[in-house]
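Engineer: My questions will all concern the structure given below.
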Amino acid sequence: MKAIDTFRVVLDHSEDAVVIVCQEGRQVWESITDDYDLYIPFVGAMGKGSSVGLGVALARPDRHVIVLDGDGSLLMNLGSLVTIANMAPKNYYHLVVENGIYAGTGGQPVPNAGKVSFVGMARAAGYAAAYEFHDLEEFSIHAKEILSSEGPVLVCLKVEPEPETRPMATRPLGRPMREGLKTVRATLAAS
């Protein structure tokens with residue numbers, strides 16, 4: 001699967017969810033939507049997106065919170081799985097885009113790439129449910145049901161590494177980062 005195709009499926013089912021997109025995923029997300037009302041681009045703190053998502057989910061239990069995380073990012077903060085499971089937010093959906101590389105730093109392989117089971121770790125930590133998809137059509141069929149089920153839910157999306165990776169520092173954050181955070185704050189405060 002390609003990350004952009006899986007992100008399109010998520011976008012189709014995100015409705016009024018707060019969507020937190022970590023690290024390199026933000027560029028993919030921004031290439032398919034220009035709606036920044038409930039979008040939080042999360043960069044510069046690799047591994048902490050799942051924890052920020054937990055905070056948003058706990059603060060706003062009336063909203064679905066979707067975290068689009070990377071396998072490299074999650075490996076930097078595996079303890080968040082246990083914390084998320086312990087807090088058990090019913091509105092939390094943790095999608096791990098597993099491409100086997102650290103895309104933001106040049107494409108180096110993550111440790112034990114292809115042998116780690118994020119689904120197994122989420123289940124062992126106590127997530128309400130965990131799924132893994134290798135096939136886009138299968139993910140498309142089940143996405144609506146998964147993203148409306150009771151969380152916390154982890155979904156591992158096995159995607160192909162992008163052919164070109166560059167260090168994140170060469171990519172400007174731009175309008176989505178600056179304006180997106182202001183818009184999310186205002187939207188959440190108003191609702």
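The values are calculated or read from the model by the stated rules, or taken from the named source; none is laboratory data. Since this is a predicted model, take the numbers as computed values, not measurements. Positions of Cβ are backbone-derived with ideal geometry, glycine not excepted, and every protein chain shown enters the neighbour counts. When the accessible area is computed, the model is the full protein with side chains, heavy atoms only, and any ligands, DNA or RNA have been set aside. Shrake-Rupley method; radii C 1.70, N 1.55, O 1.52, S 1.80 Å.
Engineer: Quick check, is Ala186 hydrophobic (A, V, I, L, M, F, W, C), modelled with pLDDT under 95 and not in a strand (DSSP E or B)? Please lay out each step first, then the result.
Structural biologist: Working: hydrophobic (A, V, I, L, M, F, W, C): yes; modelled with pLDDT under 95: yes; not in a strand (DSSP E or B): yes.
Considered against the rule, which asks whether it is hydrophobic (A, V, I, L, M, F, W, C), modelled with pLDDT under 95 and not in a strand (DSSP E or B), Ala186 comes out as yes.
Engineer: Is there any pair linking a residue in region 139-162 that is of a type in the set (Phe, Trp, Tyr) to one that is in a loop (DSSP other than H, G, I, E, B), with Cβ under 9 Å and at least six apart or on different chains, and which?
Structural biologist: Phe139/Met1
Engineer: Can I ask one more? Out of the helices (runs of 4 or more DSSP H) lying entirely within region 3-107, which hold 1 or more residues that are acidic (Asp, Glu) and within 23 Å of Pro161 (Cβ to Cβ)?
Structural biologist: Hits in region 3-107: 3-12, 25-32, 71-75.
Engineer: Restricting to region 1-48, count the residues that are under 21 Å from Asn91 (Cβ atoms), modelled with pLDDT under 90 and under 12 Å from the mean Cα position of the chain (by Cα).
Structural biologist: 9
Engineer: Moving to a separate point now. Identify, from the list Glu30, Glu15, Glu24, the residue that is touching a residue at least 24 places away in the same chain (Cβ under 8 Å), more than 16 Å from Leu154 (Cβ to Cβ) and loosely packed, with under 15 Cβ neighbours inside 10 Å.
Structural biologist: Values: Glu30 fails: loosely packed, with under 15 Cβ neighbours inside 10 Å; Glu24 fails: loosely packed, with under 15 Cβ neighbours inside 10 Å.
Of the residues listed, the single one that is touching a residue at least 24 places away in the same chain (Cβ under 8 Å), more than 16 Å from Leu154 (Cβ to Cβ) and loosely packed, with under 15 Cβ neighbours inside 10 Å is Glu15.
Engineer: Let me ask something else about it. Pairs, please: C-beta under 7 Å, at least 6 apart or cross-chain, first residue assigned to a strand (DSSP E or B) and in region 120-137, second open to solvent by 60 Å² or more (accessible area, probe 1.4 Å)?
Structural biologist: Ala130/Arg123
Engineer: Just to be sure before I move on: is Ala124 aliphatic (A, V, I, L, M) and surrounded by fewer than 17 Cβ atoms within 10 Å (Cβ to Cβ) in the structure I sent? Show your work before the answer.
Structural biologist: Numbers: aliphatic (A, V, I, L, M): yes; surrounded by fewer than 17 Cβ atoms within 10 Å (Cβ to Cβ): yes.
Judged against the criteria, Ala124 is a match.
Engineer: Here's another thing I want to ask about it. Quick check on His134: is it closer than 23 Å to Asp12 by Cα, over 15 Å from the mean Cα position of the chain (by Cα) and not aliphatic (A, V, I, L, M)?
Structural biologist: Values: closer than 23 Å to Asp12 by Cα: yes; over 15 Å from the mean Cα position of the chain (by Cα): yes; not aliphatic (A, V, I, L, M): yes.
The answer is yes for His134.
Engineer: Another one. What residue, of Leu81, Leu95, Leu74, is at pLDDT below 95, open to solvent by less than 10 Å² (accessible area, probe 1.4 Å) and under 18 Å from Tyr131 (Cα atoms)? Step through it out loud before you land on a result.
Structural biologist: Values: Leu81 fails: at pLDDT below 95; Leu95 fails: at pLDDT below 95.
Step by step, each of Leu81, Leu95, Leu74 is checked, and only Leu74 is at pLDDT below 95, open to solvent by less than 10 Å² (accessible area, probe 1.4 Å) and under 18 Å from Tyr131 (Cα atoms).
Engineer: Residue check: is Leu38 surrounded by 15 or more Cβ atoms within 10 Å (Cβ to Cβ) and closer than 17 Å to Ala130 by Cβ?
Structural biologist: Values: surrounded by 15 or more Cβ atoms within 10 Å (Cβ to Cβ): yes; closer than 17 Å to Ala130 by Cβ: no.
No; evaluated as a whole, the condition is false for this residue.
Engineer: Look at Lys2 and say whether it is open to solvent by 50 Å² or more (accessible area, probe 1.4 Å) and touching an Asp or Glu at 6+ places or on another chain (Cβ under 7 Å). Break it down into steps so the answer makes sense when it comes.
Structural biologist: Details: open to solvent by 50 Å² or more (accessible area, probe 1.4 Å): yes; touching an Asp or Glu at 6+ places or on another chain (Cβ under 7 Å): yes.
When the stated conditions are applied, Lys2 passes them.
Engineer: For Arg60, state whether it is surrounded by fewer than 21 Cβ atoms within 10 Å (Cβ to Cβ), touching a residue at least 60 places away in the same chain (Cβ under 8 Å) and either hydroxyl-bearing (Ser, Thr, Tyr) or out of contact with any Asp or Glu (no Cβ under 6 Å at 6 or more places or on another chain) (or both). Don't jump to the end; show me each part of the working.
Structural biologist: On the way: surrounded by fewer than 21 Cβ atoms within 10 Å (Cβ to Cβ): yes; touching a residue at least 60 places away in the same chain (Cβ under 8 Å): yes; either hydroxyl-bearing (Ser, Thr, Tyr) or out of contact with any Asp or Glu (no Cβ under 6 Å at 6 or more places or on another chain) (or both): yes.
Yes; evaluated as a whole, the condition is true for this residue.
Engineer: For Asp69, work out the one condition from (1) open to solvent by 10 Å² or more (accessible area, probe 1.4 Å); (2) in contact with a Gly (Cβ under 6 Å, 6 or more places away or on another chain); (3) closer than 21 Å to Leu136 by Cα it doesn't fulfil.
Structural biologist: (1)
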